[in-house]
């Protein structure tokens, strides 16, 4: 489908949608780092399948924003991305990757649910497809954290340390996104990020309580002040993502 | 880690078929991991998992064929030769 056939998004709505699409793209790329490195074969397959799901969501959303998904996804200047730092974090340790996976997918589920009755049919369709995958993503992350925190062990202490580190960054996902008011006014989504963020926090705290994990809730504001700010690790990731594309930017894939 | 045997069945097909085996920490985790390992491209509509240690298997002593029981291994050769001989002789079968 070309943009001429698609109802055009207002500039605010496009900005809002870009933040979600970039989150999905970047978290998918980060998860995909685990290809071949998962703790056992079956988990390697499962986690990379989740990575592919997230990249699929990103493509579906990018298609509403541009006619050239590859170029838009890979070739923008870093300052033009709108991803949150939770998605951008490298998470090179398995405990960090699991904790980010959990915190991100708890949030993603709420974001898709808020789009399930969108005023745009194409967004409703993408949300319905994504929700069918997200139930597994959340189950997958919770299965691990529940088990790893169930006994006093190195695993439990590493997971708790990771939650303490990642949680303050995760809160930045819920900072109001530019264009959100427009998206809400147009009915593209039914819920403001502040409202979903409160529900997310309740769910995260309930899970932590169920696992007997005590973590002080972060009191300071998020480190990422605006979604136009990239995490320090983004440059290297961006370089890697572009590595093939820049060899021949005009190649027809 | 436990080892599980994975069986898949497609809607409209009769029986579950063995798809392979896999490892998982426990049954609850095994089910979604099996889906991702063996059925993520729609290879089946129904999934069974059996922990390998729960499978009852016969040993080779029980399964080896007794070579002296050729009378129980009818391959149809005798019957075929008899029928052919009768046809050649023009007799009714």
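Every number in this text was worked out from the coordinates using simple rules, so none of it is lab data. A quick note: this is a predicted structure, and the numbers were derived from the prediction, not measured. Don't worry about glycine lacking a Cβ; one is built from the backbone with ideal geometry, like all the others, and counts go over all protein chains shown.
Computed quantities for the displayed model
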item: Rg over Rh [alpha-carbon atoms, Kirkwood Rh] for segment A:1-145; result: 0.97
item: Chain B, helix-only ellipticity at 222 nm - DSSP H runs n ≥ 4, -39,500 (n - 2.57), divided by all residues, nearest 500; result: -8500 deg cm²/dmol
item: Potential lengthening between residue A:241 and residue A:37 on full extension [0.36 nm per residue; Cα-Cα distance subtracted]; result: 71.6 nm
item: For A:140, B:71, order by how many other beta-carbon atoms lie within 10 Å, fewest first; result: B:71, A:140
item: Rounded FRET efficiency, nearest 0.05, which uses the C-beta distance separating residue B:79 from residue A:143 and R0 of 56 Å; result: 0.40
item: Cα-based Rg and Dmax for segment A:100-192, where Dmax is the largest Cα-Cα distance (Å); result: 16.2, 50
item: FRET E, pair residue A:225, residue B:1, Förster distance 51 Å, beta-carbon r, rounded to 0.05; result: 0.70
item: On Cα atoms only, tilt of A:121-148 relative to the major axis of chain A in degrees; result: 20 degrees
item: At 0.890 mPa s and 25 °C, Stokes D of segment A:175-253 from Kirkwood alpha-carbon radius, µm² per second; result: 146 µm²/s
item: On Cα atoms only, tilt of B:27-38 relative to the major axis of chain B in degrees; result: 60 degrees
item: Listed residues A:81, A:62, A:144, most fluctuating in chain A (Gaussian network, C-alpha, under 10 Å); result: A:144
item: Computed FRET value (nearest 0.05) for residue A:178 with residue B:31, which takes r as the C-beta separation and R₀ as 45 Å; result: 0.60
item: Span from the segment A:26-77 Cα centroid across to the segment B:1-64 one, whole angstrom; result: 29 Å
item: Dimensionless Rg ratio for segment A:112-253, taking C-alpha atoms and the 2.2 N^0.38 Å reference; result: 1.31
item: Cβ crowding within 10 Å averaged over residues, with A:97-106, A:114-123 ranked highest first; result: A:97-106, A:114-123
item: Helix A:193-210 axis, angle to chain A major axis (alpha carbon atoms, nearest 10°); result: 20 degrees
item: Mean shadow area of chain A over all directions, Cα convex hull, nm²; result: 13.6 nm²
item: Ordering of B:58-65, A:224-231, A:163-170 by packing [mean C-beta count within 10 Å, highest first]; result: A:163-170, A:224-231, B:58-65
item: Distance histogram in 5 Å bins (all Cα pairs of segment A:20-68, percent per bin); result: 5, 25, 25, 18, 13, 7, 4, 1
item: Per-q log10 I(q)/I(0), segment B:7-93, q = 0.12, 0.22 Å⁻¹ (Debye; single scatterer per alpha-carbon; no solvent); result: -0.65, -1.05
item: Order by protection proxy (mean Cβ within 10 Å, highest first), peptides A:16-28, B:34-46; result: A:16-28, B:34-46
item: Sorted by Cβ neighbour density within 10 Å, fewest at the top, the residues A:31, B:18; result: B:18, A:31
item: Order of B:6, B:50 - criterion: other Cβ atoms within 10 Å of each residue's Cβ, fewest first; result: B:50, B:6
